[in-house]
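A.B. asks: Provided herewith is a single structure, encoded as structure tokens, for subsequent inquiry.
Bear in mind these aren't lab numbers, they're just calculated from the coordinates by the rules spelled out. Computed from a predicted model, the values in this text were never measured in an experiment. Glycine gets a Cβ as well: all are built from the backbone with ideal geometry, and neighbour counts include every protein chain shown.
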């Protein structure tokens, strides 16, 4: 005899399954790490699909947890009119910038999204083992090859966005001349998967994507930052790195800096958070069932990751940081586009709008 499943149980499952890191390790063989084993223990791809279906049903019920309600009851359909106090002028700039910049690429991105989902479905069928296994393996190989092919244009989209950046080479040189990387940070980078050269490349890419909205005088140091791979002190403009540093971490922390350096982007991100959020704040640890988020609160919603809903006392958000983090590579771009187009376009608008 089992026990009744409550809405918060489904929430905990969705938190696990929609985590970008968990989804990444899920594609690895179980022999390569505990993350893949945990994915299977939680129900695997079938559990992901099942909990997603239940979450959508709860989103339609008045007595269920609000996990599937889009911003403004249709964010994109309502032309991004979800900010409560955001001026229509800035609001429209963000819409136009995001949509106009990406309009030439939508068909290719939609194709990548379809092939990505088809690959996930082929994996589900193979793991379920219903039917001819050899035939299922061939279907998986075909889907994987097609998805890989579809991902190639997405990388070109990233390149195109950077080429169209308004940033000049002189501005790049000026930004890097003010960048200070301490000896400790350089030593730490040697022990991480992202060395100093890779770190500098990530910095330049993010700076180009932001169209120069990041102000200069960034310091990079190494310090004890607990479980985090990287962190940033906005007051001193210091990014702290650990030996677990990767490209996504650099983009993420620069997203925080972008929000700080552009007050209008900060206002837009905060209004987006409020419009998408549930009326009640909840504990991140209790919501996710994962310890280590002491005193951290979130607004729960169907974000690409529950951490996106984190609440700060000074209107800082994780909206731009997590959004920019997904522009670090083509797979992550497709993931954000597939899971939350609203967040994708808002991020792109913030990067390109002339605020």
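A.B. asks: Under the rule a/c < 1.5 gives rounded, and otherwise a/b versus b/c splits prolate from oblate, where does region 114-159 land using the Cα gyration tensor? Each step should come with its number before you reach the end.
C.D. replies: Numbers: a/c = 5.07, a/b = 2.82, b/c = 1.80.
Prolate.
A.B. asks: Then there's this: Counting only the backbone N, which residues of region 230-260 are under 20 Å from the spot 7 Å out from the Cα of residue 191 toward its beta-carbon?
C.D. replies: Backbone N within reach: 230-232, 239-250.
A.B. asks: Here's a follow-up. Expressed in whole Å with the largest first, what are the equivalent ellipsoid semi-axes of region 88-205 derived from the C-alpha gyration tensor as the square root of 5 times each eigenvalue?
C.D. replies: 38, 25, 12
A.B. asks: Semi-axes of region 162-352's equivalent ellipsoid from the Cα gyration tensor, sqrt of 5 times each eigenvalue, largest first, rounded to whole Å?
C.D. replies: Three semi-axes, in Å: 26, 20, 15.
A.B. asks: Per-residue counts of other Cβ atoms within 10 Å, averaged by peptide: what ranking do you get for 343-354, 124-135, 39-50, highest first?
C.D. replies: 343-354, 39-50, 124-135
A.B. asks: Need one word for region 134-188: rounded, prolate or oblate. Basis is the Cα gyration tensor (sqrt eigenvalues a ≥ b ≥ c); a/c below 1.5 gives rounded, then a/b vs b/c decides. Can you show the working numbers first?
C.D. replies: On the way: a/c = 10.02, a/b = 2.03, b/c = 4.95.
It comes out oblate by the Cα gyration axes.
A.B. asks: Also: At 0.36 nm per residue, and after removing the present C-alpha to C-alpha distance, how many nm does the segment from residue 107 to residue 244 gain when stretched out fully?
C.D. replies: Net length gain for the segment: 45.8 nm.
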